[in-house]
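Just below is one structure, and these are the notes that go with it.
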Amino acid sequence: MELLERFAAGDLDAFESLFRLYQSELYRWVMRIVRDAAVAEELTVEAFWRAHKAHAGFDPQNNFRAWLRRIATNLALDHLRKRRPYVELAEDVAAEQKPDSAVQQQTRAALRRALAELPPRLRIVAQLGLIEGQPYAEMALALGISAGVARTRMFRAVRLLRKKLQRLGVHP
Amino acid sequence: MSDGLKDGGLDKSTTSPLEKDKFGRLREMLQEALPPIDELGSEAELRCDLWPAMLRRLEQPAVRVPWFDWALLAVSGAATILFPALIPALLYHL
């Protein structure tokens, strides 16, 4: 029996194999959204747990990776929603501090703040598209929307970001 | 292993060059403030095997929804029925 069929049948060994195959990749994907190692680990485990719980409803002909990524993306989006009101993205994962001038530091802080203030569904698209360079199709698949909607959200996110940045004295 | 485990289905097409130009300066500034995860190297790698944590999670019961969340849901539902004009505002903030 194929691995995915065994997983769908509830085989724990098959689940472990899939877990080991995808944990690193899924963790990196979640990191791109939450940018916090501890949270990314927690959400990765939670996503796999939900996948395991839903194993009976999974069609082995479908793309497991895309399905898992969508579960994790929804969890990450929920996390961003819960973290509101507007906790700035910390520089935690970018521990290497560049020797910036005060002005540059202010600009970076304004950018992080403006991004953090976006509504989560726009923020996730801005982070994945603008910072991580993910294509619309990939974002759309992970978010369960069409590429057109992802593109529309990107334009709205950029417009809002520019507005917020101007208010904060930054002119991109 | 079946096709479901391959990259199939994930379109690799990128944003158009025009959009890259349009967002170029903003993109650069954002990437400077928050470097892409792929550029962080080992810092962004998974620090440990998560399987032991997964096993612990599998042993835990499902998280129960607190009564407050149900109450909030009921209030939101009632509010949208009584005041439909609130729906666009609620959707915007989701």
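State whether chain A is rounded, prolate or oblate according to the following rule on the C-alpha gyration tensor (a ≥ b ≥ c being the square roots of its eigenvalues): a/c under 1.5 gives rounded; otherwise a/b larger than b/c gives prolate, and the remaining case gives oblate.
Here chain A falls in the prolate category.
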Number of partner chain Cβ atoms within 10 Å, mean per residue of B:38-51: 5
Helix-only estimate, please: 222 nm mean residue ellipticity of chain A, summing -39500 (n - 2.57) across DSSP H runs of length 4 or more and dividing by its residues, to the nearest 500. -22500 deg cm²/dmol
Among all helices in chain A defined by DSSP H, which have a length of 15 Å or more along the axis from Cα atoms plus a Kyte-Doolittle mean of at least -1.0? A:12-34, A:37-53, A:64-83, A:102-117, A:147-167
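Only the coordinates and a few stated rules stand behind these numbers; no lab work does. Here the structure is a predicted model, which means the values were calculated and not measured. Every residue, glycine among them, receives a Cβ derived from its backbone with ideal geometry; neighbour counts consider all protein chains shown.
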